[in-house]
């Protein structure tokens, strides 16, 4: 059996979970998330836990078992704590700033790039315009939005300039070796 799939998902007291067939709606202090799961997976509420069961040991069902449980756990954690992804802007003259709810990035182009947050996502800029945070309750949406922003100007390997995740290590390459004088 899947080690992840058979673990119960704890439900805190301030979270309500509605299971209607294969649709699950989770409501908590930070907001509400709803998702349609595969109809083969059996999702049951047992007291203050949610259990996921699979109908057979087929390869497809084993894969869906762990996936369904992980997605449910992410939904519960999202409506209680929320998710955040921190990014850094590195480079001379590179900066991030807020204009209303939008994030404005100056990353070496002839123009500034404005990023509008999708619904359920918010941006905050901190630490002198070089660090910003993507926040929301949906883990998938937070990660996808952060990846889309990083894609605007990914870090380059020669000087390390660009947008990177906080803590991300960039493999640096040496530049040109220059002229080598041959004995004369």
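Among the residues of segment 47-61, none qualifies, meaning not one is buried (at least 18 other Cβ atoms within 10 Å of the Cβ) and either over 16 Å from residue 6 (Cα atoms) or touching a residue at least 60 places away in the same chain (Cβ under 8 Å) (or both).
Restricting attention to segment 103-127, and to residues there that are in contact with a helix residue (DSSP H, G or I) (Cβ under 7 Å, 6 or more places away or on another chain) and over 28 Å from residue 76 (Cβ atoms), which single residue is surrounded by the fewest Cβ atoms within 10 Å (Cβ to Cβ)? It comes out as 113. Looking across 105, 64, one residue alone is farther than 15 Å from residue 120 by Cβ and not assigned by TED's automatic domain parsing to the domain that holds residue 158. It is 64. You will find that of 26, 89, the residue that is touching a helix residue (DSSP H, G or I) at 6+ places or on another chain (Cβ under 6 Å), surrounded by 14 or more Cβ atoms within 10 Å (Cβ to Cβ) and either without any contact (Cβ under 8 Å) to a residue 60 or more places away in the chain or in a strand (DSSP E or B) (or both) is 26 and no other.
So that you can scan it fast, the table gives a plain yes or no per residue for (1) assigned to a loop (DSSP other than H, G, I, E, B); (2) at pLDDT below 95; (3) surrounded by fewer than 16 Cβ atoms within 10 Å (Cβ to Cβ):
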residue	(1), (2), (3)
129	yes, yes, yes
140	no, no, yes
145	no, no, no
158	yes, yes, yes
167	yes, yes, yes
181	yes, yes, yes
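For residue 72, are the conditions met, namely being in a strand (DSSP E or B), in contact with a strand residue (DSSP E or B) (Cβ under 8 Å, 6 or more places away or on another chain), surrounded by 15 or more Cβ atoms within 10 Å (Cβ to Cβ) and in contact (Cβ under 8 Å) with a residue 60 or more places away in the chain? So residue 72 fails the test.
The values are calculated or read from the model by the stated rules, or taken from the named source; none is laboratory data. All values derive from a computational prediction rather than experimental measurement. Every residue, glycine as well, gets a Cβ built from its backbone with ideal geometry; the counts of neighbours run over all protein chains shown.
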